[in-house]
Amino acid sequence: MGLMKEMIKEIGNKSREFYEFVLPPIDMHLNDENLKVIIDIPGFVKKDIELSLCGNILSIKAKKILSEKDSKTIISNQRPNLINKKIRLPIEIKEGEEKIDSAKYDDGILVLVIPITKKSKNITIE
């Protein structure tokens, strides 16, 4: 029985490591005014999520803090405990103009709204 329990635990650990590498799933929706970024990161507490925007690189860091009581009873732990992702956004953001209009985390879903810098299309030639 002990060997089976150890195997299940090891499979869970490998699954979690894989998901920490590939997750979180991200959707992006672009319109004329902003880019909406939807990120699934269930199981985290809002205060443990850090966001930063540098140019067009969005960084997401989140760490799940397990209590000592929880960590003693884990049999399988496949869900990620750590998110550390850098995402290149499909819009041009000039340095110093990085801005997130809103960031909301509800039911494990983080929704960011990032304004698009307006560019002048008409150029007067003198």
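Just the residues that are free of Cβ contacts under 8 Å to residues at least 12 places away in the same chain and aliphatic (A, V, I, L, M), please, taken from the range 21-53. Matches in the range 21-53: VAL22 only.
For residues that are in a loop (DSSP other than H, G, I, E, B) and under 11 Å from the mean Cα position of the chain (by Cα), tally how many sit in the range 26-43.
The total comes to 2.
Remark: pairs (first residue in the range 80-99, touching a residue at least 60 places away in the same chain (Cβ under 8 Å); second residue open to solvent by less than 30 Å² (accessible area, probe 1.4 Å) and outside any strand (DSSP E or B); Cβ separation under 7 Å; 6+ apart in sequence or on different chains) = ILE83/PRO24; ILE83/ILE41; LYS85/PRO24. The requirement of being charged (D, E, K, R), at pLDDT below 85, outside any strand (DSSP E or B) and farther than 26 Å from GLU10 by Cβ is fulfilled somewhere in the range 108-119, by at least one residue.
The values are calculated or read from the model by the stated rules, or taken from the named source; none is laboratory data. Because the structure is a prediction, the values reported are computed rather than measured. Neighbour counts run over all protein chains shown; Cβ positions are idealised from the backbone, glycine included. For the accessible areas, the whole protein counts, side chains as well, though only heavy atoms, and no ligand, DNA or RNA atoms are used. Shrake-Rupley method; radii C 1.70, N 1.55, O 1.52, S 1.80 Å.
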